[in-house]
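To start, the structure itself, in structure tokens.
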Amino acid sequence: MLAKLSDLIRALEDDEIVPYFQPIVDLRSGELRGYEVLARWMHPHEGLILPMSFIGVAEDNGLIGELTNQVLRKAFRETRELGTTPRLAVNVSPRQMRYTSLPLQIRNSAEEQGFPLDKLTVEITESALMGNIEQATQIANALKDLGCRLSLDDFGTGYSSLAHLQALPFDQLKIDRSFVASIATKRESRKIVAAILGLGHSLDLVNLAEGVEEDAQAEILLRLGCELAQGWRYGKPMPSEAMPQAAAAVPHAVALGSHHGATGSVLEALPAERLAQIQAIYDGAPVGLCFIDRKLQLVSLNDRLAKMLGQPIEWHLGRKVGELYPETFAQIEPYLRRALSGDAVPEVRLGGEVAAGRNILVSFQPARDEANEVIGVSVAALEAPSASQTSAIESTERREPNQRRNQRGWLLAAVEQ
């Protein structure tokens, strides 16, 4: 039910519009990364009123600017009073993107409450950019000059998205909840989300998925390479006084393999046919496998390699090899560089903290895209028998010819794969 204009005017005069805060988390680690600020109407008789009942009325009657200012000032003040300065995100109305005074209003609210604008993300919906892209670009650039980050909200539900990404200096893509809601049940939704994430990664944008409610959704998003998430799985919108307790109660990161097997990967951003083949290889390979991108970050690895390294799959994803294993990286970096230049490097004996006295052989193979450009390195690792183990095998071979042939065949097959 829509609010009456007279009631909304009175609410603004009586300071009844308040901010609520919904957590935004890092999908890989489960760490809290900030909050989205959402407007609520604390009605003296009706109780809490959700924005769908009054935002449209405010937009249609020129009150959205005052409403936003009221919410922002309170959000800035209340977080400061908690003794923290979390990153906040706020959605601006399409109507507000028509007024060049918007950056000044945001700056004044922040300065009044002592909130640093480099901690603020301004979310802009695609519909807000329709009609006058030049003016929207001017406002967006002014917000960037203030230090704000920009997020394209509800991506994929509007028009001319690619033109908007090209024209405006966005830092983040926000995937609409309509795709996230069905990501675990509809292949089409997974394809769309994978495509959006691939686009975001190619443009060096941070990806945020909204409406995450279930572990299965979080796991799929993590596999696809999404960085941030918000939704009821991590917390419902709350008043500022509930934030300290809520921050301590944010659910842990989802464990990969709980819903879709034991392989952690963002390779689902590839075409489905290729994904099915690659996934089968990863799942069934008798050797440790991983893919390292041009930034020397681990994009994917299988369960066998994770066990060989002694850390879970999700601990590795999206992190640089040098950060995870500095000693080993110092040894293998030249081979990774060679592979990135196009040369295959077979059977390197691994040292450093990973080997820990074991006899591990590693091969580095350049991975190429359809244009034959190297996009990363495919790494295969095999834990071969030690010298003492080899002697034992040879002794057994002399006694049992059939077993000897089987063992040799297994080792050759493992190395060839």
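Take the residues in segment 296-351 that are assigned to a strand (DSSP E or B) and aliphatic (A, V, I, L, M), then tell me which one is surrounded by the most Cβ atoms within 10 Å (Cβ to Cβ).
Taking segment 296-351 first, the residues assigned to a strand (DSSP E or B) are 297-301, 320, 345-349.
Adding the requirement that they be aliphatic (A, V, I, L, M) leaves 298-299, 301, 345, 348.
On the way: Leu298: 23, Val299: 23, Leu301: 25, Val345: 19, Val348: 17.
Residue satisfying both the conditions and the ranking: Leu301.
Being more than 19 Å from Phe170 (Cα to Cα) and not small (Gly, Ala, Ser) is the filter; apply it to segment 83-94 and report the residue that is modelled with the highest pLDDT. The qualifying residue modelled with the highest pLDDT is Pro86. Tell me, yes or no, whether segment 72-85 has at least one residue that is of a type in the set (A, V, I, L, M, F, W, C) and over 27 Å from the mean Cα position of the chain (by Cα). Checked segment 72-85: at least one residue is of a type in the set (A, V, I, L, M, F, W, C) and over 27 Å from the mean Cα position of the chain (by Cα). Restricting attention to segment 1-52, the residues being in a strand (DSSP E or B) and either outside the structural domain of Leu120 (by TED's automatic domain parsing) or at positive phi (or both) number 2.
The residue of segment 72-104 that is nearest to Arg40 (Cα to Cα), among those that are among the polar types (S, T, N, Q) and surrounded by 17 or more Cβ atoms within 10 Å (Cβ to Cβ), is Asn91. The numbered conditions (1) surrounded by 21 or more Cβ atoms within 10 Å (Cβ to Cβ); (2) closer than 23 Å to Arg33 by Cβ; (3) at pLDDT below 90 are all true for Leu168 except (1). Residues in segment 110-135 that are touching a strand residue (DSSP E or B) at 6+ places or on another chain (Cβ under 9 Å), hydrophobic (A, V, I, L, M, F, W, C) and either over 21 Å from Val206 (Cα atoms) or surrounded by fewer than 17 Cβ atoms within 10 Å (Cβ to Cβ) (or both): Ala110, Phe115.
Rundown of residues vs (1) closer than 24 Å to Ile55 by Cα; (2) of a type in the set (Asp, Glu); (3) in contact (Cβ under 8 Å) with a residue 40 or more places away in the chain, yes/no style:
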residue: Arg98; (1), (2), (3): yes, no, no
residue: Ile106; (1), (2), (3): yes, no, yes
residue: Ser109; (1), (2), (3): yes, no, yes
residue: Leu117; (1), (2), (3): no, no, no
residue: Glu126; (1), (2), (3): yes, yes, no
residue: Ala142; (1), (2), (3): no, no, yes
residue: Cys148; (1), (2), (3): yes, no, yes
residue: Asp153; (1), (2), (3): yes, yes, yes
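Residues that are surrounded by 21 or more Cβ atoms within 10 Å (Cβ to Cβ) and under 30 Å from Val254 (Cα atoms) do not occur anywhere in segment 1-16.
The values are calculated or read from the model by the stated rules, or taken from the named source; none is laboratory data. These numbers were taken from a predicted model, which means no experiment stands behind them. Reconstructed Cβ throughout: ideal geometry from the backbone, glycine too, with neighbour counts over all protein chains shown.
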